[in-house]
Amino acid sequence: ALSTNYTLLLIARRIDRLKNIREVIKTSLEAQNENKLNKIHLLSGDLLDPNFLHEIVNYVDKNSLFVELLINNAGFGTVGSFFKNKVDREIQMVRLNCEVPIKLSHSFIPEMLNKKRGSVINVCSTAAFQAVPYMSTYAATKAFLLSHSLGLNRELKHFNINVLAHCPGPTDTEFHLVAGLEQ
């Protein structure tokens, strides 16, 4: 469970979406008479930009935030014959779906270890459990993240830190649009 009072740090590419999410959260908490939320911080940028990853870590340090729950949810997929897909896009997918969660986890787990508590949720996919023709790179990235999550959970469980791999099936998001799939 999270601390009694908590702060949220929401990160995405589009600030307008972040502001909308902040309002939905505030409205929902008010409706539930929830008053444990201290503040909602918003950071907008591209997680594929290494400078932005440093900006996130610096922001957390500068604002004396403790990342007690890290949710690695950013990702995308492509669809089509692997040899016809643009290799640069495939590599970007590997970076966002695999490299970014590792960098963020590596940045925030040390403080979880110091405080002897924390959790990481890596959003994988049911695609992690099978080969997916015409989406082979996507499925491979999710299999990597699943395997990494399971190993990390085992490694950190003795320190009161949980790592969870969430593996949803098809979900109503922009994923299909970005991947070029019909909904």
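The values are calculated or read from the model by the stated rules, or taken from the named source; none is laboratory data. Nothing here was measured: the structure is a model prediction, and the numbers come from that model. Here Cβ is always computed from backbone atoms with ideal geometry, including for glycine, and neighbour counts include all displayed protein chains. The area values use the complete protein model at the heavy-atom level, side chains included, leaving out ligands, DNA and RNA. Shrake-Rupley method; radii C 1.70, N 1.55, O 1.52, S 1.80 Å.
What is the angle, in °, between the Cα long axis of helix 100-115 and the longest principal axis of the Cα atoms in the chain? Nearest 10 is fine, range 0 to 90.
With both axes taken from Cα atoms, the answer is about 30 degrees.
Using only the alpha-carbon atoms, how far is helix 50-62 inclined from the longest principal axis of the chain? Give it as 0 to 90 degrees, nearest 10.
Approximately 10 degrees, to the nearest ten.
Suppose the chain between Glu30 and Tyr59 were pulled fully straight at 0.36 nm per residue; how much longer would it get relative to their current alpha carbon spacing?
Here the segment from Glu30 to Tyr59 would lengthen by 7.7 nm.
Mind listing the long-range amide H neighbours of Thr78? Cut-off is under 5 Å, sequence gap 5 or more, other chains count too, H placed in the peptide plane at 1.01 Å from N.
Tyr138
Counting only residues 5 or more places away or on other chains, whose amide H sits under 5 Å from the amide H of Asn162 once H atoms are built in the peptide plane?
Amide H neighbours of Asn162: Gly118, Ser119, Val120.
Could you list the square roots of 5 times each eigenvalue of the Cα gyration tensor of the range 27-122, that is, the equivalent ellipsoid semi-axes, sorted largest first and rounded to whole Å?
Gyration-tensor ellipsoid for the range 27-122: 30, 18, 13 Å.
Carbon and sulfur: what percent of the chain's accessible surface (1.4 Å probe)?
That share works out to 53 percent.
Which value, in nm² and rounded to one decimal, describes the direction-averaged projected area of the C-alpha convex hull of the range 55-107?
Result: 4.3 nm².
Once the mean 1/r over all distinct Cα pairs of the chain is inverted, what Kirkwood radius in angstroms do you read off? Don't skip to the answer; put the middle values down first.
Details: mean 1/r = 0.0564 Å⁻¹.
This gives a value of 17.7 Å.
What's the ranking of 83-95, 24-36 by average number of surrounding C-beta atoms within 10 Å, highest first?
Averaged packing, sorted descending, gives the order 83-95, 24-36.
Mean residue ellipticity at 222 nm from the helices of the chain, using -39,500 (n - 2.57) per DSSP H segment of n ≥ 4 over the full residue count, to the nearest 500 deg cm²/dmol?
Only helices count here, giving -14000 deg cm²/dmol.
Tell me, what is the FRET efficiency for Leu8 and Leu164 to the nearest 0.05, using R0 = 22 angstrom and their Cβ-Cβ distance as r?
It comes out at approximately 0.75.
In the neighborhood of Lys103, defined by Cβ-to-Cβ distances under 14 Å, what is the net charge if each Lys or Arg adds +1 and each Asp or Glu adds -1?
-3
Out of Pro101, Leu48, Ser119, whose Cα points farthest toward the positive end of the dipole of the range 42-183 (charges: +1 Lys, Arg; -1 Asp, Glu; placed on Cβ)?
Of the listed residues, the answer is Ser119.
What relative contact order, as a whole-number percentage, does the range 24-176 give when Cα pairs under 8 Å and 6 or more residues apart are counted?
23 percent
Holding the Cα-Cα limit at 31 Å, pick out from Lys26/Lys116; Lys62/Lys86; Lys36/Lys115; Lys19/Lys84 the pairs that are longer than that.
Lys62/Lys86; Lys19/Lys84
Treat each spin label as a single point 7 Å out from the Cα along the C-beta direction, and report the Asp16 to Asp49 distance in nm.
Once both label points are built, they end up 1.8 nm from each other.
How high is the relative contact order of the range 1-95, given as a whole-number percent (alpha carbon pairs under 8 Å, six or more residues apart)? Walk me through the numbers on the way to the answer.
On the way: 67 pairs, mean separation 27.6, N = 95.
Answer for the range 1-95 is 29 percent.
Kindly state, to the nearest 0.05, the FRET efficiency for Lys39 paired with Arg89, given R0 = 35 Å and r defined as their beta-carbon distance.
Efficiency, rounded to the nearest 0.05: 0.45.
Could you state the angle between the C-alpha long axis of helix 136-156 and the longest principal axis of the C-alpha atoms of the chain, as a value from 0 to 90 degrees rounded to the nearest 10?
With both axes taken from Cα atoms, the answer is about 40 degrees.
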